[in-house]
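For reference, the structure is listed below as C-alpha cells.
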Amino acid sequence: TLERGSNIKNLYNRFLNGYQILEKNVEFVHHDKFGYLTFSPTNIGTGLKISIHVRLPKLALNENRLKELCYTLGLSAREVTDQHHKADGDFIYDISNRSSVGQTEFELLNSVCLGVKKLLDEELSIN
C-alpha cells in the first residue's frame, strides 16, 4: 500500500485490512521456523518490505556514513532522487528493512520508523 505523507498508522491499518481479506481467500505457504515462504529467499519471514522515502541532503554528501548507519539499524538505503531534485541538492532515499525474518509485521514497522527517526536526527545534527 502506498501513501504520501507521514500517517504511518493509517497505512499500517490499511495493510492489515488488505492482508486479512487476502488471507481469507488465499492459502499461504508457512514454515514454523522460517515464516511465510516465497520464491525469493530474501523475502521469507513476514515477507513484508517497508519503505519510507526521506530527504537526506547532508547525509548524501557522505554516502558511506549513510550506508553504515543504515547497516547498523538493519536498514537499506537506495537513492531515488530524480534529476530535478538532484540539481537542487535535495537527495531522496528509499529507506527499507533489510530482513523480514524473526520479527512481526508491527516490529518491522516500528524498527523502520525508529531507524528513519535516527537518520533524520543525524541529518539535523550535521552543520
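The values are calculated or read from the model by the stated rules, or taken from the named source; none is laboratory data. All values reported here derive from a predicted model rather than from experimental measurement. We work out accessible area using only protein heavy atoms, side chains counted, and drop any ligands, DNA or RNA first. Shrake-Rupley method; radii C 1.70, N 1.55, O 1.52, S 1.80 Å.
Could you check, for region 108-121, whether at least one of its residues is at pLDDT below 90, under 22 Å from L16 (Cα atoms) and aliphatic (A, V, I, L, M)?
Yes; the residues of region 108-121 include at least one that is at pLDDT below 90, under 22 Å from L16 (Cα atoms) and aliphatic (A, V, I, L, M).
When only residues in region 50-104 that are hydroxyl-bearing (S, T, Y) and within 13 Å of the chain's Cα centre (by Cα) count, which is nearest to F34 (Cα to Cα)?
Within region 50-104, the match that is nearest to F34 (Cα to Cα) is S100.
Inspect all residues belonging to region 38-48 and state whether any of them is at negative phi and modelled with pLDDT of 75 or more.
Among the residues of region 38-48, at least one is at negative phi and modelled with pLDDT of 75 or more, which makes the answer yes.
Among residues belonging to region 67-114 that are among the small types (G, A, S) and assigned to a helix (DSSP H, G or I), point out the one that is most open to solvent (accessible area, probe 1.4 Å).
A87
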